[in-house]
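**Student:** Please see the structure below; I have some questions.
The values are calculated or read from the model by the stated rules, or taken from the named source; none is laboratory data. What you see is a predicted model; the values in this text were computed from it and never measured. Note that we place each Cβ from the backbone using ideal geometry, even for glycine, and neighbour counts take in every protein chain shown.
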Amino acid sequence: MPTWLVTGGAGFIGGNFVLDAVRQGIKVVNLDVLTYAGNLDTLRSIQGQPSHVFVQGDIGDAALIERLLREHRPDAVINFAAESHVDRSIDGPAAFVQTNVVGTLNLLEKTRDYWKSLDDAARSTFRFLHVSTDEVYGTLGETGKFTEETPYAPNSPYSASKAASDHLVRAFHHTYGLPVLTTNCSNNYGPYQFPEKLIPLIIARALAGEPLPVYGDGRNVRDWLYVGDHCTAISRVLEAGRVGETYNVGGDAERENIVVVKTICRLLDERRPLADGRARESLITFVVDRPGHDRRYAIDASKLKRELGWAPTVTFEQGIARTVEWYLDNQAWVQRVLDGSYRLERIGQAA
Ligand code: NAD
């Protein structure tokens, strides 16, 4: 069974990915510095399993990365670690440059040195997979989709920092021959997402009967990708992607934000009506738009479908119903995030 070094595996997508990988019998060394977005509660079901080694540490820590690579000798490095929230990047861009750019550069440098030290057979199968976003392509008008050839035009400090990291990954392939793969995906949703992002935020507030803030006119469009489908896409790219290539991953599920919010309201009204009988749509409150808010993202994932046979298996209607159900069934997880107690959890080894 292979060994993977996964970074950011206590976050939303990384956590889902690590749970899947460990259940498949892969040994995962999970490196996460545990910012506010890192949540060890997510990994509780694999706690103590010998095939999951959790290490609290920073992708920017050169000595730590060198040691982990030397000790665990992974067959692949999969980089999810990032500062990931656009609103936070507007308030404080420096942390985004530090982790997403400087941290990724450090990870690349240490991985290149390790990869060079491998024997020919291990060097030829080793992969560095970098998880990125469609936000690097900027914004779309009413029509068209992002392809892998769309020029980069990031509009927020978050997407600019991710774009910089993508360029470094590309450069490490062209300059040093490091066998890299990059995936650029659309907005993910599903279990274990931190309730600052649209879908879990709206679910949490709607359950509590609180106002539901929607930016601008609510007509910004995102292409929603169920996190389980994203995880299978990453595994597929890791397994069979062409070295040096980038693959777009999307859910074929464009929806306006207001439609997403109304869908959640309807599902919750059916499952958990408010005590006073109000329809939750009445809680929707339009708030001043995010500065530089991209209007529309849509992904053309035909390269991934054609070359690697991947396709999303979950429609938006199925995925959102599953997600609402998950949050209803896992109120303890949500509650520990909301009251901050999730940050006290400790497992594994400190770096
Ligand atoms: P997240 O914010 O939920 O998780 C990020 C994780 O990285 C956290 O556990 C955090 O503790 C960890 N981390 C942050 N800085 C670190 C550092 N310096 N060293 C080690 N660990 C660190 O993010 P997510 O939504 O799971 O996103 C994962 C990746 O996917 C990110 O690279 C993000 O840019 C990308 N992405 C996410 C989405 C989405 O919709 N969530 C869409 C496109 C791309």
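**Student:** So which of Val259, Val243, Val249, Val288 is under 20 Å from Tyr137 (Cβ atoms) and hydrophobic (A, V, I, L, M, F, W, C)? Show your work before the answer.
**Tutor:** Numbers: Val259 fails: under 20 Å from Tyr137 (Cβ atoms); Val243 fails: under 20 Å from Tyr137 (Cβ atoms); Val288 fails: under 20 Å from Tyr137 (Cβ atoms).
Matching residue, one of Val259, Val243, Val249, Val288: Val249.
**Student:** On to the next question. Does Ser282 fit the bill of being modelled with pLDDT under 95, over 30 Å from Asn184 (Cβ atoms) and hydroxyl-bearing (Ser, Thr, Tyr)?
**Tutor:** Values: modelled with pLDDT under 95: no; over 30 Å from Asn184 (Cβ atoms): yes; hydroxyl-bearing (Ser, Thr, Tyr): yes.
The answer is no for Ser282.
**Student:** Right, here's the next one. Filter segment 95-124 for residues that are among the basic types (Lys, Arg) and out of contact with any helix residue (DSSP H, G or I) (no Cβ under 7 Å at 6 or more places or on another chain) and give the result. It would help to see each step written out before you state the result.
**Tutor:** Start the filter on segment 95-124 by keeping residues that are among the basic types (Lys, Arg), which leaves 110, 112, 116, 123.
If the condition is that a residue be among the basic types (Lys, Arg) and out of contact with any helix residue (DSSP H, G or I) (no Cβ under 7 Å at 6 or more places or on another chain), then Lys116 is the only one that fits.
**Student:** Just to be sure before I move on: is Ala233 closer than 19 Å to Ala21 by Cα and out of contact with any Asp or Glu (no Cβ under 6 Å at 6 or more places or on another chain) in the structure I sent? I'd like the intermediate steps shown before the answer.
**Tutor:** Values: closer than 19 Å to Ala21 by Cα: yes; out of contact with any Asp or Glu (no Cβ under 6 Å at 6 or more places or on another chain): yes.
Yes; evaluated as a whole, the condition is true for this residue.
**Student:** Of the conditions (1) crowded, with 24+ Cβ neighbours inside 10 Å; (2) more than 8 Å from the ligand (Cβ to nearest atom); (3) closer than 21 Å to Gln193 by Cα; (4) in contact (Cβ under 8 Å) with a residue 60 or more places away in the chain, Val28 fails just one. Which one is it?
**Tutor:** Only one criterion in (1) crowded, with 24+ Cβ neighbours inside 10 Å; (2) more than 8 Å from the ligand (Cβ to nearest atom); (3) closer than 21 Å to Gln193 by Cα; (4) in contact (Cβ under 8 Å) with a residue 60 or more places away in the chain is unmet by Val28, namely (4).
Table: residues versus (1) surrounded by fewer than 15 Cβ atoms within 10 Å (Cβ to Cβ); (2) in a helix (DSSP H, G or I); (3) in contact with a strand residue (DSSP E or B) (Cβ under 7 Å, 6 or more places away or on another chain).
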| position | (1), (2), (3) |
| --- | --- |
| Val259 | yes, yes, no |
| Glu307 | no, yes, no |
| Gly319 | no, yes, yes |
| Ala332 | yes, yes, no |
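**Student:** A further question follows. Which number in (1) crowded, with 22+ Cβ neighbours inside 10 Å; (2) farther than 23 Å from Tyr36 by Cα; (3) more than 15 Å from the ligand (Cβ to nearest atom) marks the one condition that Arg242 misses?
**Tutor:** Condition (1) is where Arg242 drops out.
**Student:** Still on this model: Between residues in segment 292-319 that are among the β-branched types (Val, Ile, Thr) and residues that are surrounded by 18 or more Cβ atoms within 10 Å (Cβ to Cβ) and assigned to a loop (DSSP other than H, G, I, E, B), which pairs lie under 8 Å by C-beta distance while being six or more apart or on different chains?
**Tutor:** Cβ pairs passing all conditions: Ile299/Lys145; Ile299/Ser186; Ile299/Gly250; Ile299/Gly251; Val314/Gly251; Thr315/Ala253.
**Student:** Please verify whether segment 34-43 includes one or more residues that are within 21 Å of Asn100 (Cβ to Cβ) and more than 10 Å from the ligand (Cβ to nearest atom).
**Tutor:** Among the residues of segment 34-43, not one is within 21 Å of Asn100 (Cβ to Cβ) and more than 10 Å from the ligand (Cβ to nearest atom), which makes the answer no.
**Student:** Now for a separate question. In segment 62-72, is there at least one residue being within 25 Å of Ser235 (Cα to Cα) and either within 12 Å of the ligand (Cβ to nearest atom) or part of a strand (DSSP E or B) (or both)?
**Tutor:** There is at least one residue in segment 62-72 that is within 25 Å of Ser235 (Cα to Cα) and either within 12 Å of the ligand (Cβ to nearest atom) or part of a strand (DSSP E or B) (or both).
**Student:** Which numbered condition in (1) of a type outside the set (Gly, Ala, Ser); (2) out of contact with any Lys or Arg (no Cβ under 6 Å at 6 or more places or on another chain); (3) within 14 Å of the ligand (Cβ to nearest atom) is the only one that Asn187 fails?
**Tutor:** So the condition that Asn187 fails would be (2).
**Student:** Got a sec? Which of Thr285, Thr313 is surrounded by fewer than 19 Cβ atoms within 10 Å (Cβ to Cβ), part of a loop (DSSP other than H, G, I, E, B) and in contact with a strand residue (DSSP E or B) (Cβ under 9 Å, 6 or more places away or on another chain)?
**Tutor:** Values: Thr285 fails: part of a loop (DSSP other than H, G, I, E, B).
Exactly one residue qualifies, and that residue is Thr313.
**Student:** Specify which of the listed residues (Ala81, Ala121) is on the phi < 0 side of the Ramachandran plot, surrounded by fewer than 13 Cβ atoms within 10 Å (Cβ to Cβ) and out of contact with any Cys (no Cβ under 8 Å at 6 or more places or on another chain).
**Tutor:** Working: Ala81 fails: surrounded by fewer than 13 Cβ atoms within 10 Å (Cβ to Cβ).
Going through Ala81, Ala121 in turn, the sole match is Ala121.
**Student:** Can you name the residue in segment 130-148 that is of a type in the set (A, V, I, L, M) and surrounded by 23 or more Cβ atoms within 10 Å (Cβ to Cβ) and, of all such residues, is nearest to the ligand (Cβ to nearest atom)? Even if it seems obvious, please write down each step before you answer.
**Tutor:** Of segment 130-148, the ones of a type in the set (A, V, I, L, M) are 131, 136, 140.
Filter again for surrounded by 23 or more Cβ atoms within 10 Å (Cβ to Cβ), leaving 131, 136.
Details: Val131: 4, Val136: 9 Å.
That would be Val131.
**Student:** Still on this structure, I have one more. So Ala206 fits all but one of (1) more than 12 Å from the ligand (Cβ to nearest atom); (2) in a strand (DSSP E or B); what number is the exception?
**Tutor:** Only one criterion in (1) more than 12 Å from the ligand (Cβ to nearest atom); (2) in a strand (DSSP E or B) is unmet by Ala206, namely (2).
**Student:** Then there's this: List the helices (runs of 4 or more DSSP H) that sit entirely inside segment 88-186 and contain at least 1 residues that are farther than 21 Å from Gly57 by Cα, in contact with a Gly (Cβ under 7 Å, 6 or more places away or on another chain) and touching a residue at least 40 places away in the same chain (Cβ under 8 Å). I'd like the intermediate steps shown before the answer.
**Tutor:** Values: elements: 104-117, 120-125, 157-176.
Because the criterion is at least 1 residues that are farther than 21 Å from Gly57 by Cα, in contact with a Gly (Cβ under 7 Å, 6 or more places away or on another chain) and touching a residue at least 40 places away in the same chain (Cβ under 8 Å), the helices (runs of 4 or more DSSP H) in segment 88-186 that meet it are 157-176.
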